[in-house]
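The values are calculated or read from the model by the stated rules, or taken from the named source; none is laboratory data. On a predicted model such as this, the values are computed, not experimentally measured, just so you know. As a convention, Cβ positions derive from the backbone with ideal geometry for all residues, glycine included, and neighbour counts pool all protein chains shown. We work out accessible area using only protein heavy atoms, side chains counted, and drop any ligands, DNA or RNA first. Shrake-Rupley method; radii C 1.70, N 1.55, O 1.52, S 1.80 Å.
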Number of protein chains: 4
Amino acid sequence: MKGFASDNYAGIHPEVLAAIAEANVDHAVAYGEDPWTARAEGLLRDHFGPSARSWLVFNGTGANVLAFRALCRPWQGVICAETAHVNVDEGGAPEAIGGTKLLTLPTPDGKLTPELVGRHLLGGGDEHAVQPRVVSVTQSTELGTRYEPDELRALADHAHANGLLLHVDGSRLANAAAGLGVSLAATTTDVGVDAVSFGGTKNGLLGGEALVLLTDDIGEGLTYLRKQTLQLASKGRFLAAQFIALLEGDLWRTSAAHANAMASRLAAEVRDVPGVTITQRVQANAVFAMLPEGVADRLREVVRFYTWDESTGEVRWMCSWDTTEAEVDAFAAAVADACAARVAAD
Amino acid sequence: MKGFASDNYAGIHPEVLAAIAEANVDHAVAYGEDPWTARAEGLLRDHFGPSARSWLVFNGTGANVLAFRALCRPWQGVICAETAHVNVDEGGAPEAIGGTKLLTLPTPDGKLTPELVGRHLLGGGDEHAVQPRVVSVTQSTELGTRYEPDELRALADHAHANGLLLHVDGSRLANAAAGLGVSLAATTTDVGVDAVSFGGTKNGLLGGEALVLLTDDIGEGLTYLRKQTLQLASKGRFLAAQFIALLEGDLWRTSAAHANAMASRLAAEVRDVPGVTITQRVQANAVFAMLPEGVADRLREVVRFYTWDESTGEVRWMCSWDTTEAEVDAFAAAVADACAARVAAD
Amino acid sequence: MKGFASDNYAGIHPEVLAAIAEANVDHAVAYGEDPWTARAEGLLRDHFGPSARSWLVFNGTGANVLAFRALCRPWQGVICAETAHVNVDEGGAPEAIGGTKLLTLPTPDGKLTPELVGRHLLGGGDEHAVQPRVVSVTQSTELGTRYEPDELRALADHAHANGLLLHVDGSRLANAAAGLGVSLAATTTDVGVDAVSFGGTKNGLLGGEALVLLTDDIGEGLTYLRKQTLQLASKGRFLAAQFIALLEGDLWRTSAAHANAMASRLAAEVRDVPGVTITQRVQANAVFAMLPEGVADRLREVVRFYTWDESTGEVRWMCSWDTTEAEVDAFAAAVADACAARVAAD
Amino acid sequence: MKGFASDNYAGIHPEVLAAIAEANVDHAVAYGEDPWTARAEGLLRDHFGPSARSWLVFNGTGANVLAFRALCRPWQGVICAETAHVNVDEGGAPEAIGGTKLLTLPTPDGKLTPELVGRHLLGGGDEHAVQPRVVSVTQSTELGTRYEPDELRALADHAHANGLLLHVDGSRLANAAAGLGVSLAATTTDVGVDAVSFGGTKNGLLGGEALVLLTDDIGEGLTYLRKQTLQLASKGRFLAAQFIALLEGDLWRTSAAHANAMASRLAAEVRDVPGVTITQRVQANAVFAMLPEGVADRLREVVRFYTWDESTGEVRWMCSWDTTEAEVDAFAAAVADACAARVAAD
């Protein structure tokens, strides 16, 4: 049964699987020295601009840890939101694998601002304090919100003015760009972003992400680091083929836009249900909500989704490239029914 | 010129230096297999109880990182206050050297409570989240406050009930015990603490700390880890001799009590000065205060001390084992003068 | 053009690709809590015995580093051959990512013996020396040789008698088992092996390996460690489907046996060519050889393969599941021609 | 009882202890921003040349690990002898704390040569191999031998020609320089060495080493790294005072020369004893020897010393700044007696 648990519960988009099959001919040089990888890297340049240098990797945690290892020296750290995936959902990999300290900031909506970032910039030059080097934002955020290009531009300018780099954890960058109606570059390269963990898995790939550097003269040793950080695929052509399918046409955008539309539809349908409170702006493919007590458990008997915040009971409903309107409508109806039953029971 | 910058600006207590000189005879087996070390370990058992196992190390950061490496497996983390020394003043060593993620909590006074700790206990068993293993508190705290034995008991009970261990960063444990008027065990072993980084340097040693484990069956491999964590002194007898001087008589307590008394005297003398606000309870050897604008800079022309919080201007005045009443009185008078001059200027 | 460079230049076996496509239906719980993963784990138990516990991962370096992180505490190390993949071909990941020291031993054929292992067992209990915990052997080895079951049994008995564990880097375990004509368990579980990095990628998968533990009470925290070590696939069903294709029938064996047969055929055809010296026993899917000067470069104009030892010029020819008899015959003829031309030129 | 176990069994030279006492006045800024540290750094420049930049640390393992962390990026490694202290006697700290892979080489006398180093320079640019960055030699070596200035010059030239740096583990550099009758610079700076772990502890300090960089533009972030690597003393003046005592006059040389002379005397006295074989050239303060079976154990009943090689029984006798001629003569006589008794018993 399909549900609203996560966009990585969805399968492989048929066009992506076809691209893998198409690449499955003959022998190809391993470890990314194959023509498919060259083509994928070219497409990433097409989308992110001619300065884009990219390294394909297995998963998002890998892309992020690799980014931090490449952009930070050991005495440098990464500023991020308390709710950032790198802080709460990567099993301590940034610290244990990369040795990177995360300098966290509380945020109501998962979004950083120059003012917030500034709080970590007071100990510059003190050998007792980790020196901030990277500001890492998630676009779209873990809370389903997104940064406007202007907001990212302000963060990038502030970062650069303070000798920092701006990294985007873009496991759902496509959802943000599709929601904004802009290109991938418009929400990254064009607003001063230095590095992106560009996600594919949540947007219909079997599995694959790309670390993309947009600024020259950063990321020394990245090719060595990717191998050492356990992220070098031996049959690299099959990672590359997936990105070719995603980026050669509009698949990246149509899939993401569809997921976004399903989230908007869901939010619209439940927003006015008595007892339901939508807790975050719906700007990508997620809906966050508070429900009357007991309703979430009842809904989970038939549809899987996660409680986001155990302390408050806030739930998260995630839509994906393959969520259908019928599924949204049926679930919205179930929410309404469960809330009504709950209200009646009170 | 002596000032109020830090208790580690002070020198070596004469009795400690004499003990080093006394140990400087003949040859002794290196790396801690000497009689002085055995005697120091015996004294630590006398003070912390018969279960105490100890490892002498070079410095406080070393003791803390060693503790975390010994008590945590790689997927486990340490809960601490945002203001904890391990979080803000150890150059990212817990993360970069130990691979340990710190799970921080905001506190007004540097003190944790079971309720605060509980906020990090919701993700138990989730492979995506670092699993809390240690609660680390500082006694006395970085803000000059201290835990009452009951407060530590509550933290220990809560930790144990949740499968966690309680670690005390005790670089100023002597100040806390002296302030409470109790033994070292009374504020550690007797209230359920599992491990202590017991500080000596800030209490009159040339340099030396002890990692003391109070609970059986924890800390596997610690002897190997001390060596690997760069904390094994080759001429161990000279670390040990310092602890003998500190612990064989009352030196640990008289030195700490004196420093505490000087802080209390300073606080008493400036508390009612117009323009001065004491911002934290004075329970150890530190005074935190807000001063009228410009006053701190003026005072610094003659006496060294630190601004604690760059964003607010809050200052910290630290007393040590060798601070004199005359120095306190002169400084308090200088504070009063500077404030008066400032008020007059307004 | 297909060549003899590496078994990971080959593509995906059609049955494996079909299994991926078959698993691409509906939604499935992410991160390995799906029915395909349960089925793959069951098949691994069928092949390795009922004690086998397994964790699917992305690649071989990931499996090995994960194994070492799970089996060693920080003060413990891994004994291996100087030529071991973990020592020379993993970009320093065991050390940089796992913090694991490798205790290497020179070997003529890539194989360890109890006597060799014994050389690293003299410093037991010395805090200045890393304590050996794991003996890691490669089966089949990086030099195309393999251990007989008796040899592994002797290593396992010796390891266990000394408090060590025996790990098999089995990126080509199937080739060894197929060559020996035995089950996977017969060359691992049944002879006392504790842990296996079981390779799939070189045997026809798109990409996937399994860390398999065969002994109870080892590998604490492995589920957390897999996530932290960047090896947890979000769409885990597609890793699992590949292993189902490999292990549900005989595919693992028929593919490996075919690759082995091609290597034997190649060796047989070139062994008596004047100027060619086969340098290692051909017991899996690789042929190592010395060629007259200039011959390797000439052959490389048409067929890709690697020089194994830059200092001697020794070459490696690798066969894979899709190498054909015609390709072997054509290459053997090219070798003979090039050698003859070289001899004529002298 | 004094013996021949290790030069770190000796105590503190009286002049060093006096210097500590002399520095114990008033308050001093912590963490190395005190006048004693500035003076020690000046003296290190006097001895190593005007380019020398230095960081005082606690111990030799700390200095070495700090050097490797500062000179290598994560994908780079350190070439050293198999017998190097960093490889066998530092508890795996280079790997576990620094993440640094050691690329070892077998040597009969503990000394590297350009030819040996060259064996590790064949995989340049291959992302699967750690990239050598530092050649680390020990001067004098762990086997009591030493490099002539020409030998070091050859290593430095070879290293630089290959883009590498030359590091000297100089825990006994003073013994080498004294033995050669040259300045500290003559065996380091003047022959192209880039970095030195300059030892003090084995030459009469309470405890203290200095990491000294001799080449510009290396070691970025070292001040941060020292703190993070747990090697920043809070009361830094007492580290510095020791180096002042050692370096302001000739103490470094007279102490080392004395220890060397005692080793030469011992070797001369036992060299012709029947049954004794001196196994290494005696070029510093150590004597390595093979003894008739049982003799070592008998000697150990009265004098402590170490077996160096458990597999052969080779012993090491170490002399220190405080070894007396009478002690040497008595021990040599005991060796002769024990050997004679052994021969008689046969």
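Summary of computed values
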{"item": "Subset tally (residues that are surrounded by 21 or more Cβ atoms within 10 Å (Cβ to Cβ) and either more than 14 Å from chain B (Cβ to nearest Cβ) or in contact with a helix residue (DSSP H, G or I) (Cβ under 7 Å, 6 or more places away or on another chain) (or both)) for region D:26-42", "result": "5"}
{"item": "Residue list for region D:215-226, restricted to those being surrounded by 24 or more Cβ atoms within 10 Å (Cβ to Cβ) and closer than 19 Å to D:Gly42 by Cβ", "result": "D:Arg226"}
{"item": "Inter-residue pairs, beta-carbon under 9 Å, first without any contact (Cβ under 8 Å) to a residue 40 or more places away in the chain and closer than 24 Å to D:Thr201 by Cβ and in region D:321-341, second in a helix (DSSP H, G or I) and of a type in the set (Asp, Glu), 6+ apart", "result": "none"}
{"item": "Scan of region C:99-133 for residues that are within 14 Å of another protein chain (Cβ to nearest Cβ) and within 17 Å of C:Arg153 (Cβ to Cβ), ordered by number", "result": "C:Glu115, C:Leu116, C:Val117, C:Gly118"}
{"item": "Subset tally (residues that are open to solvent by less than 30 Å² (accessible area, probe 1.4 Å) and in contact with a strand residue (DSSP E or B) (Cβ under 7 Å, 6 or more places away or on another chain)) for region B:112-134", "result": "7"}
{"item": "Pick from region C:289-309, criterion closer than 30 Å to C:Pro14 by Cβ and in contact with a strand residue (DSSP E or B) (Cβ under 8 Å, 6 or more places away or on another chain), ranking: surrounded by the fewest Cβ atoms within 10 Å (Cβ to Cβ)", "result": "C:Tyr306"}
{"item": "Enumeration of residues in region A:217-230 that are under 18 Å from D:Gln76 (Cα atoms) and either under 23 Å from the mean Cα position of the chain (by Cα) or not aromatic (Phe, Trp, Tyr) (or both)", "result": "A:Ile218, A:Gly219, A:Glu220, A:Gly221, A:Leu222, A:Thr223, A:Leu225, A:Arg226, A:Lys227, A:Gln228, A:Thr229, A:Leu230"}
{"item": "Every pair of residues 6+ apart whose Cβ atoms lie under 7 Å, when the first sits in region C:289-310 and is touching a residue at least 12 places away in the same chain (Cβ under 8 Å) while the second is basic (Lys, Arg) and open to solvent by less than 40 Å² (accessible area, probe 1.4 Å)", "result": "C:Phe305/C:Arg316; C:Tyr306/C:Arg316; C:Trp308/C:Arg316"}
{"item": "Selected residue [in contact (Cβ under 8 Å) with a residue 60 or more places away in the chain, within 14 Å of chain A (Cβ to nearest Cβ), out of contact with any Gly (no Cβ under 7 Å at 6 or more places or on another chain) and open to solvent by less than 10 Å² (accessible area, probe 1.4 Å)] from D:Val78, D:Val57", "result": "D:Val57"}
{"item": "Qualifying residues in region C:81-92 (those that are open to solvent by 10 Å² or more (accessible area, probe 1.4 Å) and acidic (Asp, Glu)) - the one farthest from the other protein chains (Cβ to nearest Cβ)", "result": "C:Glu82"}
{"item": "Test for C:Glu95: is it within 26 Å of A:Val57 (Cα to Cα), within 14 Å of chain B (Cβ to nearest Cβ) and surrounded by fewer than 21 Cβ atoms within 10 Å (Cβ to Cβ)", "result": "no"}
{"item": "Selection within region A:1-24 - open to solvent by 40 Å² or more (accessible area, probe 1.4 Å) and either modelled with pLDDT of 95 or more or assigned to a helix (DSSP H, G or I) (or both)", "result": "A:Pro14, A:Glu15, A:Ala18, A:Ala21, A:Glu22"}
{"item": "Members of region B:239-263 that are surrounded by fewer than 19 Cβ atoms within 10 Å (Cβ to Cβ) and closer than 20 Å to B:Ile278 by Cβ", "result": "B:Ala261"}
{"item": "Yes/no for C:Phe331 being in a strand (DSSP E or B) and either modelled with pLDDT of 95 or more or in contact with a strand residue (DSSP E or B) (Cβ under 8 Å, 6 or more places away or on another chain) (or both)", "result": "no"}
{"item": "Hits in region C:335-346 - residues which are more than 11 Å from C:Leu266 (Cβ to Cβ) and either open to solvent by less than 30 Å² (accessible area, probe 1.4 Å) or of a type in the set (Val, Ile, Thr) (or both)", "result": "C:Ala338, C:Cys339, C:Val343"}
{"item": "Test: residue in region D:46-60 that is over 30 Å from D:Thr107 (Cα atoms) and aliphatic (A, V, I, L, M)", "result": "yes"}
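Yes/no matrix, rows are residues, columns are (1) in contact with a helix residue (DSSP H, G or I) (Cβ under 7 Å, 6 or more places away or on another chain); (2) open to solvent by 50 Å² or more (accessible area, probe 1.4 Å); (3) assigned to a loop (DSSP other than H, G, I, E, B); (4) not β-branched (Val, Ile, Thr):
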{"site": "C:Arg281", "(1), (2), (3), (4)": "no, yes, yes, yes"}
{"site": "C:Ser311", "(1), (2), (3), (4)": "no, yes, yes, yes"}
{"site": "C:Val315", "(1), (2), (3), (4)": "yes, no, no, no"}
{"site": "C:Thr323", "(1), (2), (3), (4)": "yes, no, yes, no"}
{"site": "C:Ala326", "(1), (2), (3), (4)": "no, yes, no, yes"}
